[in-house]
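The values are calculated or read from the model by the stated rules, or taken from the named source; none is laboratory data. This one's a predicted model, so the numbers in the text were calculated from it and none came from an experiment. Cβ placement follows ideal geometry from the backbone for every residue including glycine, while neighbour counts extend to all protein chains displayed. Side chains included, ligands, DNA and RNA excluded: accessible areas come from the protein's heavy atoms. Shrake-Rupley method; radii C 1.70, N 1.55, O 1.52, S 1.80 Å.
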Amino acid sequence: MKATVEAPANIAFIKYWGARDLDAAVPLNASVSMTLDRCRARTTVEHLPDGAEDRVELATAAGELAAAPPGFAEPVRRHLERLRRWAGVGGAFRVATRNNFPTGAGIASSAAGFAALAAAVAACLERRPEAAELSRLARLGGSGSAARSVLGGFVRWPRDDDDADGPAVQLAPAEHWPLCDLIAVVESGAKEVSSREGHRLAPTSPYFAARLAALPERRRGVEEAIRERDLERLGPLVEEEAIDLHLIAMSSRPPIFYWQPGTLEVLAAVRELRASATPAWVTMDAGANVHVVCEPADEQTVAAALAALPAVASVLRDRVGAGPRRSEEHLF
Ligand code: DP6
């Protein structure tokens, strides 16, 4: 059996930063995100009941396949082992995957990748796990944000405050509020410091305890703003949260700097847009690229302003999306 799943990246409005258990991706705080529509990982999985070894390949845009480098293949193999245990099957898997957006640059590529992998393995074994189960399976690959990518629309993870180990839950479907996420790419290479290292170092920041104390109220504000579709309320909270994440990174010991000069250029341009009455706000994950959140009516104006900046190599125009889907366009 062979199955292909396309799973989306997501952009966090309240960030997962700091883990109770790094290997199992059990977070120290609850996060809230918007699932994207166009930035996706496509993954094809085939189960080879008598196969000897798992095979992990990367597909190019032209459809060619090449063995994935060890740094990519190893976490995938470890996750396949867990998925085999979950499914109670032996044999081997052949896996091929491709992202349609820059990898490792703050566009949640591993979230999309691990969500697609878990869903494609389940599909090729003809299992139909509930969303909560799939959320847990996606996360156990080590990318916590993958827990959120199995659901569409607006998502919180973990679902319950008293269950850090729990699954993600959908707060509202994509149709609830058609927000745009315009990603200003100022750096398309992979980041130098992984999120994993960022999570590990986060508690060494002298400001980390203050961040954790401020988060419940900020998160409540974000969830209310989503419920009420109130961008004037959501925007400032999302910006404050992104700057907080980077403050923690920059004040960790040793410090981590994800920003590039282009990052600051985009931040200034978005402030200018607001000064000229275009409502748009920024957020950034663990990378230099900037996600600019706005309503569809302002998408054109914001995209044009971002594209005009010398530091911006390209603008990926995305918006809230519906979550993973099966595809018949197999990669092999
Ligand atoms: C800053 O451990 O899920 O994006 O495996 O790199 O996707 P990756 O990271 P993960 O941490 C995510 C960190 C973040 C914030 C977030 O998405 O919540």
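If each of Arg271 and Ser194 carries a label point 7 Å out from its Cα toward its Cβ, how far apart are those two points in nm?
Going from the Arg271 label point to the Ser194 one covers 3.5 nm.
Could you order peptides 182-188, 7-13 by the average number of other Cβ atoms within 10 Å of their residues, highest first?
Working: 182-188: 23.4, 7-13: 29.9.
Put in order of decreasing packing, that is 7-13, 182-188.
If amide hydrogens are placed 1.01 Å from N in the peptide plane, which non-local residues have theirs closer than 5 Å to the one on Arg55?
When sequence neighbours closer than 5 places are left aside, the close amide H contacts are Phe93, Arg94, Val95.
Counting only C-alpha contacts under 8 Å and six or more residues apart, can you give the relative contact order of the chain as a whole percent?
That works out to 26 percent.
Above 37 Å lies some portion of the pair distances; for the chain, what is it as a whole percent of all C-alpha pairs? The partial results should precede the final answer.
On the way: 7248 of 54946 pairs.
The share of Cα pairs beyond 37 Å in the chain comes to 13 percent.
For an R0 of 22 angstrom, estimate the FRET efficiency from the Cβ-Cβ distance between Glu217 and Asp160 and round to the nearest 0.05. Write out the running numbers ahead of the final one.
Working: r = 18 Å, r/R0 = 0.82.
With R0 = 22 Å, the Cβ-Cβ based efficiency is 0.75.
Just to verify a number: FRET efficiency for Asp230 and Thr301, C-beta to C-beta distance, R0 = 30 Å, to 0.05?
Values: r = 20 Å, r/R0 = 0.67.
Plugging the Cβ-Cβ distance into 1/(1 + (r/R0)^6) gives 0.90.
In a GNM of the chain with a 10 Å cut-off on Cα contacts, which of Asn100, Asn29, Asn289 has the highest mean-square fluctuation?
Asn100
So what are the three principal axis dimensions of the stretch 114-252 from its Cα atoms, in whole Å, longest to shortest?
47, 37, 36
What whole-number value in Å² describes the accessible area per residue of the chain for a 1.4 Å probe?
With the other protein chains kept in place, the chain gives 41 Å² per residue.
Once you have the Cα-Cα distance between Ala67 and Met250, take 0.36 nm times their residue separation minus that, and quote the gain in nm to one decimal.
62.3 nm
Could you go through the stretch 252-257 in sequence order and give the Karplus-derived ³J(HN,Hα) for each residue, using 6.51 cos²θ - 1.76 cosθ + 1.60 with θ = phi - 60°, rounded to whole Hz, and x for Gly and Pro?
The phi angles translate into 6, 10, x, x, 10, 10 Hz.
Go from 0 up to the bin containing the longest alpha carbon distance in the stretch 207-332, width 5 Å each, and give me the % of pairs per bin.
With 5 Å bins starting at 0, P(r) equals 2, 9, 17, 19, 18, 15, 11, 6, 3, 1, 0.
Of the accessible area of the chain, with the probe set at 1.4 angstrom, what percent is carbon plus sulfur?
Working: 6900 of 13720 Å².
Carbon and sulfur atoms account for 50 percent of the accessible area of the chain.
Under a point spin-label approximation (7 Å from Cα along Cα-to-Cβ), what is the Val26-His176 distance to one decimal in nm?
The two pseudo-label positions are separated by 2.8 nm.
Quick check for me: using +1 on Lys/Arg Cβ and -1 on Asp/Glu Cβ, what's the dipole size of the stretch 213-320 about its Cα centre, in debye to the nearest 20?
Numbers: 11 positive and 17 negative charges, 40 e Å.
So the dipole magnitude of the stretch 213-320 works out to roughly 200 debye.
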